[in-house]
1. Mind checking which pairs have a first residue in segment 154-182 that is farther than 21 Å from K28 by Cβ and among the aromatic types (F, W, Y) and a second that is at pLDDT below 90 and not in a helix (DSSP H, G or I), Cβ under 8 Å, 6 or more apart or different chains?
2. For N136, indicate whether it is under 23 Å from G18 (Cβ atoms), without any contact (Cβ under 8 Å) to a residue 60 or more places away in the chain and not hydroxyl-bearing (S, T, Y).
3. I need the full set of residues from segment 116-154 which are surrounded by fewer than 16 Cβ atoms within 10 Å (Cβ to Cβ) and not in a strand (DSSP E or B), in order please.
4. Looking at (1) loosely packed, with under 13 Cβ neighbours inside 10 Å; (2) within 16 Å of A20 (Cβ to Cβ), which is the only condition Q165 fails?
5. State the number of residues belonging to segment 185-235 that are in contact with a helix residue (DSSP H, G or I) (Cβ under 8 Å, 6 or more places away or on another chain) and in a loop (DSSP other than H, G, I, E, B).
6. Starting from segment 191-213, take each residue that is assigned by TED's automatic domain parsing to the domain that holds Q165 and among the small types (G, A, S) and list its partners that are exposed (fewer than 14 other Cβ atoms within 10 Å of the Cβ) and in a helix (DSSP H, G or I), counting only C-beta distances under 6 angstrom and pairs at least six apart or across chains.
Amino acid sequence: MQKKEYYKHNLPHFQQPGQAYFVTWSLKDAVPKHALQHFANKLEILRSQIKTDLADSFSGLADSDPPLEKKSRFGDRETKIEKLKNKYNLLKKRYIKAYNDLLDVQLNPYIDLSKPENTEIIINALKYWEDKKLKNHAFCVMPNHVHWVFELFEKDVEGNPVYLQDIMCSVKRFSANEINKLENRSGSLWQKESFDTTIRDGKHLYYAVEYTLTNPVKAGFVSDWRDWPGCWNAE
């Protein structure tokens, strides 16, 4: 079976069965195509540097080199790689913030996802794999984008590993087909790229859920997230 721990569109995506995620995706062209390309380019350069440095971690270390020298040289490379990873993660956060800011200023999407019929389709898609491949924590359907916080199972009921890429393809394909039928249109609905962040711990999960639920409040649509039909929380 082909490994899927890494895949790439404009952004590199790292995934692992059993992991929790905060994912955002939007309507096609909700964000201008090249508006954030400079972020994608810089991230790709950093990813390549990290990959190269990891491959070179043991290169150039001869068996005859003194153990202390080996340890020192390897430690220096580890420090360099860690700094590159920190730089990468910081830049990715800036990328996602810029992306979300652009989404929030678009007031008249060509397809309104907050229309009750469209919201219902997306909610059904988000809940479809519940208890089969994942556990939902929260989601929010906005007029032009979706926020989703969930945890993948390590394996499904048939014993197969559960990958983020497969889940996203399933949810986006089903919802696009149904909304296209409802709106009497054809063609791509969603932007191909999704922005996924790995949930690190309980604190990170809390803030991801809070951000998701308060999105319509910050946008000025409601004063309480519970009044927004597209919001859902597990607790």
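The values are calculated or read from the model by the stated rules, or taken from the named source; none is laboratory data. Because the structure is a prediction, the values reported are computed rather than measured. Counting neighbours? That spans all protein chains shown, and the Cβs are built from the backbone with ideal geometry, glycine included.
1. Sorted first by the residue in segment 154-182, then by its partner, the pairs are Y163/K4; Y163/Q15; Y163/P17.
2. no
3. Across segment 116-154, the qualifying residues are P116, E117, E120, N124, K127, Y128, D131, K132, E154.
4. Every listed condition holds for Q165 apart from (1).
5. Counting residues in segment 185-235 that are in contact with a helix residue (DSSP H, G or I) (Cβ under 8 Å, 6 or more places away or on another chain) and in a loop (DSSP other than H, G, I, E, B) gives 13.
6. Close Cβ pairs satisfying both conditions: none exist.
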